[in-house]
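Step one of this worksheet: look at the structure below.
The values are calculated or read from the model by the stated rules, or taken from the named source; none is laboratory data. Treat the numbers as computed from the prediction; the structure is a model and nothing was measured. When we count neighbours, we look across all protein chains shown, and the Cβ atoms used for this are built from the backbone with ideal geometry, even at glycine. Just the protein is used for accessible areas: all its heavy atoms, side chains included, with ligands, DNA and RNA removed. Shrake-Rupley method; radii C 1.70, N 1.55, O 1.52, S 1.80 Å.
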Amino acid sequence: MHRVDDVPMRSAGSTSTEPPLSHSEPWWRSAVFYQVYPKSFADGNGDGLGDLIGLRDRLDYLQQLGVDALWLSPFYTSPGADGGYDVADPTDVDPIFGTIADFDALVAAAHARGIRVTIDLVPNHFSNQHPWFREAFAAEPGSRERARFIFRDGQGPRGDLPPNNWPSVFGGPAWTRVPDGQWYLHLFAAEQPDLDWSTPEVAAEFERILRFWLDRGTDGFRVDVAHGMAKATGLPDIAASTLAKINDADHMRPSDDPRWDQDEVHEYLRAFRRVLDSYPGDRMAVGEVWASGGHRLARYVRPDELHLAFSFQLVEVAWSANEFRAAIEDAMQTMPAVGAPCAWVLSNHDIDRHVSRFGGGTVGTARGRAAALLQLALPGAVYLYNGDELGLPNVDDLPDSVLQDPAWDRTGHTVRGRDGERVPLPWDGDTPPFGFSSSAATWLPLPASWQPLTVARQLDEVDSTLSLYRRALDYRAKSSTLHGNDFSWIGSPDDTLAFRRGEDFVVVVNFGGGPAPKPPGQVVLASGPLDGDGTLPANTTVWMREEKAAMDRSAGTSIRDQMTSG
Ligand code: NOJ
């Protein structure tokens with residue numbers, strides 16, 4: 001067995017006549033971001049939970065993987081009612097993750113390796129343990145303290161009905177009553193009261209928070225629920241017909257849902273942009289925006305707003321050439337129109353891992369690898385979720401007793417929630433917890449079946465998913481074609497997609513259940529074994545360089561013709 005370090009990686013320079021990589025574009029436009037879910041990445045202090053020291057200790061791994069930047073999910077002081085997205089002190093580190101000094105050391109160590117650090121910003125809500133909410137809870141209706149949140153009187157003669165019919169994303173009503181009879185709004189858990197962004201003090205506080213982290217060298221932010229910061233004026237009921245369509249598990253929102261995607265949000269995001277632009281070094285922000293289609297999403301990345309917004313289109317599709325093509329086109333026809341790149345996502349901490357979404361088992365793994373090469377060859381930025389590079393599946397048989405997602409309790413134990421995609425990473429060894437922690441009692445148990453998926457095992461295997469990602473990232477890093485914007489579809493047989501980047505870089509994906517013809521050319525990288533008979537096996541993506549002769553021929557033909565004739 002060779003370690004993958006010993007395996008010569010193909011370099012863009014050795015196989016093409018590409019010009020040297022230009023650095024004229026801001027780094028984030030085509031960067032590979034790696035999302036760290038801090039509780040699940042690596043445990044540095046043996047308490048069974050991942051932390052900042054554990055992450056710092058594993059930075060060499062991330063450097064070898066070839067990522068450009070990290071996105072850290074929340075590590076702030078929090079009671080943990082929603083995995084840290086209930087923030088009680090947005091300018092401090094929760095003791096379970098370490099200290100501010102650990103954060104500073106992490107940023108310095110990452111920067112020393114050429115890796116940028118971006119972090120979560122959670123502006124839609126605070127924890128109910130944040131001092132502001134404690135004050136609001138104790139204060140009078142109509143007070144300045146209550147004006148920071150969304151407190152309202154209830155309906156009905158005794159005010160004991162919620163102010164409107166809005167549901168919480170996690171189940172149950174979006175309103176909770178306080179002892180003096182008023183209600184407060186929480187689009188998520190009751191422990192996450194929504195802030196009122198029309199109150200200037202809220203914007204001022206978030207400017208302070210941004211500056212606090214920017215001053216410490218943070219390179220950017222992922223803005224949580226960016227589409228939720230403004231609610232429709234007057235908090236109108238959701239129309240019954242719309243309410244019937246809402247399935248929060250689907251993430252995508254109907255366009256007439258008054259909870260989301262209101263015009264005022266763009267002013268709040270512009271204020272973030274002004275702060276970011278006042279710092280040197282291309283600081284950036286990416287929005288978590290679940291809007292009803294690319295045309296609405298693009299409004300968040302106009303030149304004076306966010307730099308990026310997640311292109312979630314690829315998480316909404318089944319394993320189908322037609323669906324992938326429509327998803328890619330929706331993103332690519334809308335974002336560039338406002339001058340923004342796409343930011344492609346396959347998985348994150350809120351979504352079933354793509355290996356499982358695409359069928360699980362051997363087939364899901366093959367499709368996951370094929371999807372990865374597709375994702376990494378599209379123009380724009382890419383977001384990887386920790387464990388994507390190991391081909392981790394969801395863990396769907398976690399015991400009920402360990403489930404922590406608030407959706408589990410808020411739905412009366414009918415929705416299991418997102419813990420299955422948050423199981424800690426397997427690093428090495430033959431039994432759980434596979435080097436994640438020195439403690440056997442990890443916050444979620446790792447399945448014994450992950451033994452073949454550990455980092456150590458996969459580093460040793462030339463054909464592992466980890467080796468595939470490392471090769472792909474290495475190639476991408478050196479390729480000015482893949483950093484560019486050039487993209488065109490090429491005709492290809494049913495159940496396949498084919499596109500060209502630059503002059504001669506061709507990507508073909510076979511979504512079908514049997515082999516498809518493969519165009520002539522030099523294979524750069526394939527997501528699975530090729531049969532050597534000139535075909536592209538089922539559930540496989542290939543990166544190719546077209547041969548000169550084939551390019552000349554292709555002037556008047558499509559790849560469909562080349563794939564069927566050649
Ligand atoms: C989106 C985050 O990704 C998710 O994990 C969280 O529960 C909600 N926003 C609320 O903050």
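Here are some notes:
- Candidate set: segment 469-482, residues that are open to solvent by less than 10 Å² (accessible area, probe 1.4 Å) and of a type outside the set (Ser, Thr, Tyr); chosen: the one farthest from residue 527 (Cα to Cα): 482
- Restricted to helices (runs of 4 or more DSSP H) entirely inside segment 178-289, those with at least 3 residues that are over 20 Å from residue 87 (Cβ atoms) and away from the ligand (no atom under 15 Å from the Cβ) are 240-245, 265-277.
- Scanning segment 294-352 for residues that are open to solvent by 40 Å² or more (accessible area, probe 1.4 Å) and within 15 Å of the chain's Cα centre (by Cα) returns 316, 352.
- Residue match in segment 394-412 (condition: within 16 Å of the ligand (Cβ to nearest atom), modelled with pLDDT under 95 and either assigned by TED's automatic domain parsing to the domain that holds residue 27 or of a type in the set (Gly, Ala, Ser) (or both)): yes
- A count restricted to segment 524-566 and to residues that are closer than 22 Å to residue 480 by Cβ, of a type in the set (Ser, Thr, Tyr) and at pLDDT below 80 stands at 1.
- Among the residues of segment 337-375, those that are within 16 Å of the ligand (Cβ to nearest atom) and either under 27 Å from residue 505 (Cβ atoms) or in a helix (DSSP H, G or I) (or both) comprise 343, 345, 346, 347.
- Of the residues screened, residue 330 is not one that is more than 23 Å from residue 119 (Cβ to Cβ) and within 16 Å of the ligand (Cβ to nearest atom).
- Residues in segment 103-129 that are more than 18 Å from residue 177 (Cα to Cα) and within 16 Å of the ligand (Cβ to nearest atom): 118, 119, 120, 121, 122, 123, 124.
- Test: residue in segment 263-286 that is under 24 Å from residue 171 (Cα atoms) and open to solvent by 20 Å² or more (accessible area, probe 1.4 Å): no
- Of the criteria (1) open to solvent by 30 Å² or more (accessible area, probe 1.4 Å); (2) out of contact with any strand residue (DSSP E or B) (no Cβ under 8 Å at 6 or more places or on another chain), which one residue 173 fails: (2)
- In this structure, residue 132 does satisfy being surrounded by fewer than 22 Cβ atoms within 10 Å (Cβ to Cβ) and either more than 15 Å from the ligand (Cβ to nearest atom) or within 28 Å of residue 376 (Cβ to Cβ) (or both).
- Scanning segment 95-123 for residues that are in a loop (DSSP other than H, G, I, E, B) and crowded, with 23+ Cβ neighbours inside 10 Å gives 97, 122, 123.
- Residues of segment 148-167 that are open to solvent by less than 40 Å² (accessible area, probe 1.4 Å) and not in a loop (DSSP other than H, G, I, E, B): 149, 151, 167.
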